[in-house]
1. Within the range 118-135, work out how many residues are in contact with a helix residue (DSSP H, G or I) (Cβ under 6 Å, 6 or more places away or on another chain) and of a type in the set (S, T, N, Q).
2. Would you confirm whether or not the range 369-387 contains a residue that is within 30 Å of THR304 (Cα to Cα), at pLDDT 95 or above, in contact with a Gly (Cβ under 9 Å, 6 or more places away or on another chain) and not assigned by TED's automatic domain parsing to the domain that holds ALA244?
3. Given the range 160-253, what strands (runs of 3 or more DSSP E) lie entirely inside it while holding 3 or more residues that are surrounded by fewer than 16 Cβ atoms within 10 Å (Cβ to Cβ)?
4. Give the range 127-159 a look and list any residue that's assigned to a helix (DSSP H, G or I), more than 29 Å from GLY34 (Cβ to Cβ) and either touching a His at 6+ places or on another chain (Cβ under 7 Å) or of a type outside the set (A, V, I, L, M) (or both), or say none.
5. Working only within the range 11-45, note down all residues that are part of a strand (DSSP E or B), of a type in the set (A, V, I, L, M) and buried (at least 17 other Cβ atoms within 10 Å of the Cβ).
6. Which residues, counting only those in the range 1-20, are of a type in the set (S, T, N, Q) and either over 21 Å from GLU62 (Cα atoms) or within 32 Å of the chain's Cα centre (by Cα) (or both)?
7. Can you confirm whether the range 429-439 contains a residue that is part of a loop (DSSP other than H, G, I, E, B), assigned by TED's automatic domain parsing to the domain that holds LYS347, free of Cβ contacts under 8 Å to residues at least 12 places away in the same chain and out of contact with any Pro (no Cβ under 9 Å at 6 or more places or on another chain)?
8. Do we find a residue being on the phi > 0 side of the Ramachandran plot and surrounded by fewer than 17 Cβ atoms within 10 Å (Cβ to Cβ) anywhere in the range 268-276?
Amino acid sequence: MLKVEHISGGYSHIPVVQDVSFHVGKGMVLGILGPNGSGKSTLLKLISGVIEPTAGAVLIDERPMKSFSSKELAKKMAVLPQLHANAFSNSVYDTVSLGRYPHQKGFFSTWSKEDEQAVERAMEQTGVLQYRNTMMEFLSGGEQQRVFIAQALAQCSQVLLLDEPTNHLDISHQKQLLDMIRKEATENGLTVVSVFHDINLASLYCDGLLLMENGQVKAHGAPHEVVLQQQITEVYGAQVSTYAHPEIPKPQITMMPEQADERQTLVSPEQFDITKEYIRLDTRRPLKVISSAVHNAGMGWYNTLLNRSIPEDYNIDNVQEETLQFLKGNGISPTNTVVMLTAVASKLAAVRSFKGNQCSITVAVTAGVGNAVDVTRTHERNDLPHIGTINTWVIVNGKLSDEAFFQAMITATEAKTKALAEEDIRDSHTCTIATGTATDSLLIAATQQGKEIPYAGPITEVGKLIGQGVFDTTVQAIRQYKQAKIKGNG
């Protein structure tokens, strides 16, 4: 649909953009990225014809752009510049109506039903219909921006060029606008080329990205090929971290600010508060946590870890809501706390520390094994899950990579299973060695200070600590549970 072939150009014979080529197909959205001064807006002006290129060509439907008359080109291409200067005071309706000029045989002398429908539809799409009779100077910057976008849409061109279209827009209107542009591309075949300041928005809404650096193409491809941590850091000169969007398969970035050095935070068994109701750990600095908890499961940063003891007859329809009310009733922050549930009395918890040459860990385990199961034989059972629960916490005094967090979970699970075998814990239905209970939970946390620990498999130092620590602590917790059952006070 739109081809840019080896285009170069700039201002006063200064080559701001040098030898840029790309192709955007019908119904595709291309985002142009780059730091200030990289040539993004200049490239858009070269494509639109605002600036005459010194080399190269722009083709629309395989036809050189230069061969179109101004009206023909306006039917093919609509342009929304970054800034607008309002020389005249127009109403919103009149401003949007200017987008229909390319379709007129004489200046509004042939205004048709189709023209009217295009203007009304564009105003509705951009959420400015309510301002149709309002003069432009009485609108906010964001509202004016939406009016000019409506004008470009009313033009009903096949190609839409946008220069930072979300400028001045709040998050709601950013989403509304980009959702609408994406829909136009998908359903009506609109081809879109847009300059973006926000890398995350560009990644979310674009099929392809063009990353500019010093007037040249640094990278061109799908978002996952362009939004790479090292590449973005190098081009923008700012430390960032990349991660996957939680709902759609697109990369996102997070800026990494420089932080003043703080005193090392270490977690030890002495910091645990064990009451009748729960086992609790509060830390001065948040811990990075990944868990299968009841409350705030998944990965996040939290100051409080809670393993709450509940009675064996605990039967609540909405456990999440009951847990939330428990936290609020006890003055504990719901957004800053991870909560697990256990049918084991808090006093039976085993909490121990293990130290290596490069890091140390603290392990806490509650091990209710009365309803233990063999996971390899559960397909033979039809009973509902029982509350029993082996809950395991591993807190690492060190900085784990994402990969190390997941390896730590595997290592801890293997060590727990070995502890059950050591203690001859069996599935009562199959009489085979149990691997856990139906409601086990696992938490791996780290202080995230010091040199990064890239791996946590069983042959690494931290992996060895986790293997030994979880095994020894789980064995101790099982024996304490067994002893309490014998005494009848578990």
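1. Going through the range 118-135 one residue at a time, the tally reaches 3.
2. no
3. Result: 240-244.
4. Let us first name the residues in the range 127-159 that are assigned to a helix (DSSP H, G or I), namely 129-131, 136-138, 141-154.
Checking which are more than 29 Å from GLY34 (Cβ to Cβ) leaves us with 129-131, 136-138, 154.
Answer for the range 127-159, where residues must be assigned to a helix (DSSP H, G or I), more than 29 Å from GLY34 (Cβ to Cβ) and either touching a His at 6+ places or on another chain (Cβ under 7 Å) or of a type outside the set (A, V, I, L, M) (or both): GLN130, TYR131, GLU137, PHE138.
5. Initial filter on the range 11-45 (part of a strand (DSSP E or B)): 11, 14-24, 29-33.
Next, only the ones that are of a type in the set (A, V, I, L, M) stay: 14, 16-17, 20, 24, 29-30, 32-33.
Passing the criteria: VAL16, VAL17, VAL20, VAL24, VAL29, LEU30, ILE32, LEU33.
6. Here is the first cut: in the range 1-20, the ones of a type in the set (S, T, N, Q) are 8, 12, 18.
Matches in the range 1-20: SER12, GLN18.
7. Step one: filter the range 429-439 for residues part of a loop (DSSP other than H, G, I, E, B), giving 429-432, 434-435, 438-439.
Subsequent filtering for residues that are assigned by TED's automatic domain parsing to the domain that holds LYS347 retains 429-432, 434-435, 438-439.
Remaining after also requiring free of Cβ contacts under 8 Å to residues at least 12 places away in the same chain: 431.
Add one more test, that the residue is out of contact with any Pro (no Cβ under 9 Å at 6 or more places or on another chain), and what stays is 431.
Yes, the conditions are met somewhere in the range 429-439.
8. In the first step, residues of the range 268-276 are kept if they are on the phi > 0 side of the Ramachandran plot; the result is none.
Scanning the range 268-276, I find no residue that is on the phi > 0 side of the Ramachandran plot and surrounded by fewer than 17 Cβ atoms within 10 Å (Cβ to Cβ), so the answer is no.
The values are calculated or read from the model by the stated rules, or taken from the named source; none is laboratory data. Because the structure is predicted, anything quoted here is derived from the model rather than measured. No Cβ is skipped: glycine too gets one built from the backbone with ideal geometry, and neighbour counts run over all protein chains shown.
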